[in-house]
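Okay, structure first, notes after.
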Amino acid sequence: MKNIDSNNHVQGKSIFVDDIPTISGTLFGTIFSSSIAHGKIIKLDISNASELDGVTAILTHIDIPGENQIGAIIQDEVLLAEDEVHFIGQPIALIIAESESISLKARELIEIDFEEYDPIVNVQDAKNNEHFILPPRSFKLGDISKVWEDCAFIFEGIAKSGGQEHLYLETQGSYAIPLENGNIKIFSSTQGPTVVQKIGARVLGISMNQIEVDVKRLGGAFGGKEDQATPWAVLSMLAVYHLQKPVKIILSRHDDIYMTGKRHPYETNYKIGFSEDLKMLAFEAEYLQNAGAAADLSPAITERTLFHSTNSYFIPNVRTTVYSCKTNLTPNTAFRGFGAPQAIFVIESAIKNAATQIGIPARELQEINMIVDNDSFPYGQIAKNVELKKIWKTAQDNFNFYKIEKEVCDFNDSNDNLKKGISFIPVTFGVSFTNTMMNHARALVHIYQDGSIGISTGAVEMGQSVNTKMIQVASHVFSVDSKRVKIESTNTTRVANTSPSAASSTADLNGKAVEKACNALLIRLKEVAGKKLQAEPESIDFKDELVITNQKDTTLTWEEIIWEAFASRVSLSESSHYSTPEINFDKSIEKGHPFAYHVYGLAITTATIDCLRGTHVIDSVRIVHDFGKSINQEIDNGQIEGALVQGVGWMTMEEIVHNNKGVLLSNALSNYKVPDIYSVPELVEIIPLETDGNENAILKSKAVGEPPFNYGIGIYFALQDAIYAFNSNYKYDFDAPMTPEKVLLGLYSK
Amino acid sequence: MIEFILNNEHVVTELPSGSILLNFIRKEKQLTGTKIGCREGDCGACTVLIGSIDQQGKLIYKSVNSCLTPIASAHQRHVVTIEGLNLKDKLTPIQEIFKKNNATQCGFCTPGFIISITGSAFNSDTSISSVMDSIGGNICRCTGYSSIQKSSSEIAQLLVNSGNNGSISKLTSAGILPEYFLNIQNRLLAIPNISSNSNNKYIVGGGTDLYVSQSAEFESKAIDLIESKCGNGITLNNGVCIIEAGASATDIMENNDLISLFTELKSYFKLISSKQIRNTGTLGGNLVNASPIADLAIFFLALNSKISISNNDNLRSIFLKDFFKGYKLIDLNEGEIIQSMAFNIPEENEYFNFEKVSKRTHLDIASVNSAIKISIRNNHISEIHISAGGVAPIPLYLKNTSSFLKGKELTSQNIRKGHCVLKEEISPISDVRGSDVYKKLLLKQLYFAHFIKLFPEKISIADIK
C-alpha cells in the first residue's frame, strides 16, 4: 500500500500549517532574539518598533500570565528572556503585526543593550567548570577497575562527532485561533501535541482542556519538532491570549536555523581492552555531550547514549559516563537516533582504532564480539532473539563480502589517483521510550452507520507514513478495503495525553491501540452477526468485506452488519489504550528491561576517493535489516534509504560550525550542506532478514525510524581506509564529519 | 504594471517590479502548492516553471526558484505552479511515477521536484543525467533520493517514449501537461511589451545572489531586468566569442558552438549551482556581484576575457582581470553597465580546464575553484592564463604564476616550480568553507590537477605526493 497522502503530495494539495487558509484579521508574529551568547539585558526599548504602522503588539516576559517556563524534563528554560540571555537566538520579544513583512521591519527597530559575559562554547570548558545540565550519569557492568590487568591489548583514544541541523523542509510553525470563553485552538507543526498543550497551559496559566492542539501533518521533523516546536506554538497562543485574534508564526529558514537546537555534538575519551584471543573484556567511556544552554531533551538523550554504548557487542566489564555539558549554545535536542548514533560512533571508532593497531580488519573484531542470546546488555536487559549472526550470514550469502574486500584491495593495487575503502557497521537498537512512563498510546475508532471508518490516534504523520500503517492495521483487523478507513488529524480533544511521535515507537504504540479498539468492535459485531445468522459469535469472522461463519461466506456484507449493529443500538465507537508490556527500568540502580525489543542490522559500505582533489563517491551500501515481518516493505525501505542518507550527511558534509563567541557560522543552506541527489550512494541494496518478527511490534512489523540512521556511520571508516591506502602516514583520527577538507588533509598528512 | 499568465489565469498586478514572485503566488493567489523552504535558492521547494517565447518563436519553459525571482521576470510570460500542472481527474505520468516509486514521504518538497522534473521535458536532451540535473537544485530530507533517482530514469524513458522534443502538443497529448498549454502561446502574444524606456536605479542581472540577502528591500522597489539593457546572445566570429551580459549560465552551457569548443562544458557547468539558478543567473550578474569564488568569473578569467562597459553611448573595454579591484569592489562607475564579454576562441594547440571543489559537489559554493588556458608550441608554454577563487578577496587572476610559466618548457619540474610562485600570490582566509591551510593545499591540488588532466604524460600524482 502506498503512502495514503501520495496523490495529494505529488499534486501539491497536502496542507501544512502555513497552507491553512487564514481567517480574516489574522496577525503574524516574528521573534526578536538575543544576538549574544551570554549576558545581561541592560536596556530593551521597543518604543520605535511599537510605533511602526501595522504593529499590533510587542510582547515580552512581563506579558506572560502564567509561568515563564517551557522546560519539559527539567524546568530550566524560559519562554522569553528576563534579565539574562544564555544563547544566541534566545527569544526575547514577540512582535505581532498585520503582516509578516511589517513584523520583520519592526524587529529591526527594537533596541537592546547587553552587558556581555564570556560564553562557554565547548564541552571541555563546561566540564572544567562543572557546568552540567544534570549530574553525570553512569552505567556499569562487571568490574572495570580490576580487568585492565587481564587485558592483552588496551587502546585509548578520543572520538568526536559533530552536531547536525534537522533541516526538515517545512520550518517550525503554528497558527493559533481564539475560541469562546478564553479557549484556544492551535494548529502546530509538532511531534508532541500534548507537550504544546501542557506547556501552553502552564505559560498562559490556564488549564489543559482550554487548549485544543490539532496536527494534520509535518513537513519533516526528525526529532526537531519533538520539544522545539513548543516555543513558537506557545508564543502564538500568548499573542492570542492578549489580542483575541488569530495569530500565525512561521519561522523563516534563517530564524529556524538560528533559534532551534540540533543534534548534540559529543567528545568522548574511551578505553577498550581485549584478551589475547581478541575478546572484548573492558570498555570505558566518558562522553562529553554539548547540551547547550538548557536541558530540553538532553537527559533522555544522555540515557540513550548509555543504552547504546556497546552497540552490537557483548563486553563483560563496562563503565560509561555521560557528562551533559551546559554551554551557551542553542539547547540541543532530539534528532533521529537520539544519542545512540553518537555512542555507536564511539564504540566503532574504538574498534577501528584497535583493529588498525593490531593490524586486522575491524570486521574481525566485530564478528568475534557480537552479542548473542542470554548475554547481558550493560543496563541489565538480557539479550533475546538476537539476529546478528543470521544477519551476518545473510550478508555473506547475498553479498559475498570477502569478494568485495578483495575487489577493494585489487583496485587499490592498480590505481594511483583513486583509492577505495570498505567498512562494516552492525546495529543493535533498542525500541521503546527509555522513559518507561511514556510507552502507552490511545486510539479512537468510529465506524459510521454507512460502514465507513474514522480513526484518531496520538500518532503524528511527518512523512514516515504512520497514518498509512494505522489504516493497514484497521483494514487488516476488520478485513475491509483500506479505502473505507480515514485517518483524522491528531487532536488533543479526541486523543488526550499522548506521547510525542518519537523513539521509532509511534506505529507500535498507536497501532497496537488501534488494533485493540478494532478488536473490541469486532467482538460486538460478531455478536450482532451471530444473532442475525443464528450462529455462535465465535464461529463468525470477517473476510474481504463479508461476514463468514465457520470459514464459509455468507451474503451478509460489512455495510449490512454495520447497519444492523447500529439499528440494534450497539456502540460503533471504541477508544482503546495500549501500554507496552514487560518493560521497566530502575534509575536508582540503572538496571532493568527498558526495551520491548531490539532491531538489528548490518551495513557494508564501499567508497572511492579522488586522491588528487579529496572528493569522494559512495560506491555502495549493502544492508541486511531486521524488519520483523514488515507490514509495508516499500515504506519501510524508504525509511532505511532516508535514514541512511541522513547518517551519511552527518558523517561527511553536514558540519555545524560555531566561533568562540558562540556565533553559528553555518547558518544558512548556502553554507550548511545536506545530501542532494548526487551525494547519495551509487548503489543501495537492502535485504530484509527472514525472521518471525516480534509480538511487541505492530503486527510483528518492527520499528524502523531510527535504527538505520546508524548505517550512515560506515562511510566514515570506509573513507579512512581509502585515505590510508593512499597515504600510509595517515594517522587514524576520529573526528566526524569527514569533510572533503579532512580527507584532503589526511591524504597529504606527513 | 506587470501582466502574465499564472497557470490558466490572466494576471495583471501593480506590485513593484522588484517584488518576489513566490510571495505573489502564495499570498496574493493562495496557491499553496509552491512551498517556502529557504528563500535562498538552495532547496527548490518554491520552484516554478516560466514559459516564454524564444527567438525562434517557440514557447519554452524553464524552472526557476520563485523565491529569487522578481515579479518583473514574469511579464509576458507563463508562470506554472504545481496547481497549473495538475490534471482534472488523474495524475500526470510524472506524478504517477513518483507515486509508484514512493518518491514522496512528508510531501513538502514534492511539488518542487515535480515542477523541476517536468521542466526537463523541455531540455534538448532527455537522458537520465539531464533529467537528474533538472532536480539537482531540489533538496529532499526524507527519502534519501533512491526512489527519486529511480523515478528520474523512468521519467527519462517516458520522455523518450512520448517522442519528446519539447513540443507542447506532444506533451499535452502524453498528459504530461494539461490541455490549456496549447493556447498559451497565443495568449502570451496578446500581452503588450513592457515600456522599454524604463530607467530604474536597479538593474537586476538574474538576482540569484541579490535576492538571497536583500529580497525584503526589493519588495517595494522598481527594477529593470538586465535583458532590457543588453541581450543574451552568444556569437563566434573571426576567432572571437562574444557573450552578451544577459546570457544566463544555461544559455552558455547549452550553446552548441561553445560545446564544440569546450567539450566538457556541460560537466563544468553542472558544478555551478543548480539548474534553477543557472536558468536565472546571468553572466553580467555573476561578474558584477564580484564574489571571490564566482564560478563564471573564474572560468572566463582563464580565457583572458575582455568586458565591454557602456554608459549611454560611451563604450569602454577592459580585461576582466582588471575589473576586480578588491573585495566586492569593481571598476564600474555610476550609470555604467557591462554589455558583453569577449574572448579569443581556443585554437588547436590550446587547452582549457576548470576545477571546482566544494563541501558538496553540486549546488554549493566552491571552497576553491580554478581554471586554466594553456597554449603549447614545441613543448613550450607559449601562453598561459590561470585563475583561482576562494584564495583572495577577489576572483583572482594568477598573474605571477601565469607569467612565470609563460615561455617555459612543459616539464614536471617547471610545473612544480610554478606552484612555488603560486603560493606566494594567494591569501586565503579561514571561513565556513574551509581553513586557510586547506584552501592552500586544495589550490595546489587543483593547480596540479589541471596539468595532470591535460598532460598526463608529463606529470602524475606521484610527482606531487
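The values are calculated or read from the model by the stated rules, or taken from the named source; none is laboratory data. All of these numbers come straight from a predicted model, not from anything done at the bench. Counting neighbours? That spans all protein chains shown, and the Cβs are built from the backbone with ideal geometry, glycine included. Each accessible area value is taken on the protein alone, full model and side chains, heavy atoms only, with ligands, DNA and RNA left out. Shrake-Rupley method; radii C 1.70, N 1.55, O 1.52, S 1.80 Å.
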- Item | In the stretch A:458-489, the residues that are open to solvent by 10 Å² or more (accessible area, probe 1.4 Å) and either of a type in the set (Asp, Glu) or under 20 Å from A:Ala229 (Cα atoms) (or both) | A:Met462, A:Gln464, A:Asp481, A:Glu488, A:Ser489
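Can you name the residue in the stretch A:285-314 that is in a strand (DSSP E or B) and of a type in the set (Gly, Ala, Ser) and is also surrounded by the most Cβ atoms within 10 Å (Cβ to Cβ) among such residues? Full working, then the answer.
So in the stretch A:285-314, the residues in a strand (DSSP E or B) come out as A:285-292, A:313.
From the residues that got through so far, the ones that are of a type in the set (Gly, Ala, Ser) too are A:285, A:291-292.
Values: A:Ala285: 25, A:Ala291: 32, A:Gly292: 28.
Here the residue is A:Ala291.
May I ask you to say which residue of B:Val368, B:Val391 is buried (at least 24 other Cβ atoms within 10 Å of the Cβ), within 14 Å of chain A (Cβ to nearest Cβ), on the phi < 0 side of the Ramachandran plot and not charged (D, E, K, R)?
B:Val368
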- Item | Out of A:Ile184, A:Ile144, A:Ile211, A:Ile154, sole residue that is surrounded by fewer than 18 Cβ atoms within 10 Å (Cβ to Cβ) and of a type in the set (Val, Ile, Thr) | A:Ile154
- Item | Filter result for B:Leu422 (touching a Ser or Thr at 6+ places or on another chain (Cβ under 6 Å) and farther than 30 Å from B:Gly44 by Cα) | yes
- Task: Inspect all residues belonging to the stretch B:315-326 and state whether any of them is among the polar types (S, T, N, Q) and touching a helix residue (DSSP H, G or I) at 6+ places or on another chain (Cβ under 9 Å).
- Result: no
- Message: Any residue that is part of a loop (DSSP other than H, G, I, E, B) and in contact with a Leu (Cβ under 6 Å, 6 or more places away or on another chain) - is there at least one of those in the stretch A:461-474?
- Response: yes
- Message: If a residue must be open to solvent by 10 Å² or more (accessible area, probe 1.4 Å) and either assigned by TED's automatic domain parsing to the domain that holds A:Met470 or assigned to a loop (DSSP other than H, G, I, E, B) (or both), how many such residues does the stretch A:13-30 contain?
- Response: 9
- Query: Is it true that A:Gly628 is at positive phi and buried (at least 19 other Cβ atoms within 10 Å of the Cβ)?
  - Reply: yes
- Among A:Val386, A:Val427, the single one that is open to solvent by 10 Å² or more (accessible area, probe 1.4 Å) and assigned by TED's automatic domain parsing to the domain that holds A:Pro594 is A:Val386
- Tell me which residues, restricted to the stretch B:80-111, are more than 7 Å from chain A (Cβ to nearest Cβ), more than 17 Å from A:Gly642 (Cβ to Cβ) and modelled with pLDDT of 95 or more. B:Val80, B:Thr81, B:Gly84, B:Leu85, B:Leu87, B:Lys90, B:Thr92, B:Pro93, B:Ile94, B:Glu96, B:Ile97, B:Lys100
- Task: Look through B:Ile115, B:Ile168 and report the one residue that is of a type in the set (Val, Ile, Thr) and under 30 Å from A:Leu669 (Cα atoms).
- Result: B:Ile115
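Return yes or no: is A:Gln191 away from every other protein chain (no Cβ under 14 Å), surrounded by 24 or more Cβ atoms within 10 Å (Cβ to Cβ) and either assigned to a loop (DSSP other than H, G, I, E, B) or out of contact with any Pro (no Cβ under 8 Å at 6 or more places or on another chain) (or both)? Break it down into steps so the answer makes sense when it comes.
Details: away from every other protein chain (no Cβ under 14 Å): no; surrounded by 24 or more Cβ atoms within 10 Å (Cβ to Cβ): yes; either assigned to a loop (DSSP other than H, G, I, E, B) or out of contact with any Pro (no Cβ under 8 Å at 6 or more places or on another chain) (or both): yes.
No; evaluated as a whole, the condition is false for this residue.
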- Message: Suppose we keep only residues that are touching a Leu at 6+ places or on another chain (Cβ under 7 Å) and open to solvent by 10 Å² or more (accessible area, probe 1.4 Å) within the stretch B:37-60. Which one would you say is nearest to B:Asp133 (Cα to Cα)?
- Response: B:Asp42
- Message: Need the failing condition index for A:Asn729 against (1) assigned to a loop (DSSP other than H, G, I, E, B); (2) under 30 Å from A:Lys469 (Cα atoms); (3) open to solvent by 40 Å² or more (accessible area, probe 1.4 Å), just the number.
- Response: (2)
- Query: For the stretch A:574-603, what are the residues that are free of Cβ contacts under 8 Å to residues at least 60 places away in the same chain and touching a Phe, Trp or Tyr at 6+ places or on another chain (Cβ under 9 Å)?
  - Reply: none
- Message: Within the stretch A:166-180, does at least one residue satisfy the condition of being in contact with an Asp or Glu (Cβ under 7 Å, 6 or more places away or on another chain) and open to solvent by 20 Å² or more (accessible area, probe 1.4 Å)?
- Response: no
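If we scan the stretch B:12-29, do we find a residue that is more than 14 Å from chain A (Cβ to nearest Cβ), under 13 Å from B:Glu83 (Cα atoms), charged (D, E, K, R) and outside any loop (DSSP other than H, G, I, E, B)? Let's see the steps before the verdict.
Within the stretch B:12-29, the first condition is being more than 14 Å from chain A (Cβ to nearest Cβ), and the residues that meet it are B:12-14, B:17, B:21.
Adding the requirement that they be under 13 Å from B:Glu83 (Cα atoms) leaves none.
The answer is no; no qualifying residue exists.
Rundown of residues vs (1) more than 14 Å from chain A (Cβ to nearest Cβ); (2) free of Cβ contacts under 8 Å to residues at least 60 places away in the same chain; (3) open to solvent by 60 Å² or more (accessible area, probe 1.4 Å), yes/no style:
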site	(1), (2), (3)
B:Lys399	yes, no, yes
B:Ser402	yes, yes, no
B:His419	no, yes, no
B:Ile426	yes, yes, no
B:Ser435	no, yes, no
B:Lys440	no, yes, yes
B:Ile452	no, yes, no
B:Lys458	yes, yes, yes
B:Ile461	no, yes, no
- Message: Which of the numbered conditions does A:Glu741 fail, given that it passes all the others? Conditions: (1) more than 9 Å from chain B (Cβ to nearest Cβ); (2) assigned to a helix (DSSP H, G or I); (3) touching a strand residue (DSSP E or B) at 6+ places or on another chain (Cβ under 6 Å).
- Response: (1)
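Restricting attention to the stretch A:316-335, report how many residues are assigned to a loop (DSSP other than H, G, I, E, B) and crowded, with 24+ Cβ neighbours inside 10 Å. Working first, answer last.
Of the stretch A:316-335, the ones assigned to a loop (DSSP other than H, G, I, E, B) are A:316, A:327-335.
After this cut, where a residue has to be crowded, with 24+ Cβ neighbours inside 10 Å as well, the list is A:327-335.
Looking only at that region, the number is 9.
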- Residue hits (the stretch A:515-573; in contact with a Phe, Trp or Tyr (Cβ under 7 Å, 6 or more places away or on another chain) and open to solvent by 60 Å² or more (accessible area, probe 1.4 Å)) are A:Lys516
- Query: Limited to the stretch A:649-678, what total is found for residues that are within 17 Å of A:Gly220 (Cβ to Cβ) and more than 7 Å from chain B (Cβ to nearest Cβ)?
  - Reply: 5
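Check every one of the strands (runs of 3 or more DSSP E) wholly within the stretch B:188-267 and list those with 1 or more residues that are out of contact with any helix residue (DSSP H, G or I) (no Cβ under 7 Å at 6 or more places or on another chain) and crowded, with 19+ Cβ neighbours inside 10 Å.
In the stretch B:188-267, B:223-225, B:240-244 are the strands (runs of 3 or more DSSP E) which contain 1 or more residues that are out of contact with any helix residue (DSSP H, G or I) (no Cβ under 7 Å at 6 or more places or on another chain) and crowded, with 19+ Cβ neighbours inside 10 Å.
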- Of all residues in the stretch B:81-105 being open to solvent by less than 10 Å² (accessible area, probe 1.4 Å) and free of Cβ contacts under 8 Å to residues at least 60 places away in the same chain, the one that is nearest to the chain's Cα centre (by Cα): B:Ile82
- Query: Quick check, is A:Ala93 surrounded by 18 or more Cβ atoms within 10 Å (Cβ to Cβ) and more than 23 Å from A:Glu116 (Cα to Cα)?
  - Reply: no
- Task: Could you check, for the stretch B:154-169, whether at least one of its residues is assigned to a helix (DSSP H, G or I), closer than 19 Å to B:Glu83 by Cβ and more than 9 Å from chain A (Cβ to nearest Cβ)?
- Result: yes
